[in-house]
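Notes follow once the structure below has been shown.
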Amino acid sequence: MTAMLENHIAWMKKEVVSLNARIEMIEAGKARFYSKHDNGPSVDTTDTILADNKELKAELEGLKEYDN
């Protein structure tokens, strides 16, 4: 059980690093995200993706296990 928890914490730390990188790329204007459904117009979803990444990062950082 301890190894499983350690692996989960390691994954959380890697995910936070990855989220940081994505957030920095978006904020620097180096990445844009678009959504297109049913041959409709492309919709810029960059702001939504950025907000989702920031929210997930805050959630991961806020978990008690991550602080140990």
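Residue by residue, here is whether (1) at pLDDT 95 or above; (2) assigned to a loop (DSSP other than H, G, I, E, B) holds:
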position	(1), (2)
4	no, no
7	no, no
21	yes, no
38	no, yes
41	no, yes
57	no, no
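Residues being farther than 24 Å from residue 59 by Cβ and either open to solvent by 100 Å² or more (accessible area, probe 1.4 Å) or hydrophobic (A, V, I, L, M, F, W, C) (or both): count how many of those fall in region 4-41. Please lay out each step first, then the result.
In the first step, residues of region 4-41 are kept if they are farther than 24 Å from residue 59 by Cβ; the result is 29-30, 32, 34, 36-41.
In the following step, the residues that additionally are either open to solvent by 100 Å² or more (accessible area, probe 1.4 Å) or hydrophobic (A, V, I, L, M, F, W, C) (or both) were identified as 30, 32, 34, 36-39, 41.
Residues in region 4-41 being farther than 24 Å from residue 59 by Cβ and either open to solvent by 100 Å² or more (accessible area, probe 1.4 Å) or hydrophobic (A, V, I, L, M, F, W, C) (or both): 8 in total.
The values are calculated or read from the model by the stated rules, or taken from the named source; none is laboratory data. Treat the numbers as computed from the prediction; the structure is a model and nothing was measured. Cβ: placed from backbone, ideal geometry, glycine included. Neighbour counts: every protein chain shown. The area values use the complete protein model at the heavy-atom level, side chains included, leaving out ligands, DNA and RNA. Shrake-Rupley method; radii C 1.70, N 1.55, O 1.52, S 1.80 Å.
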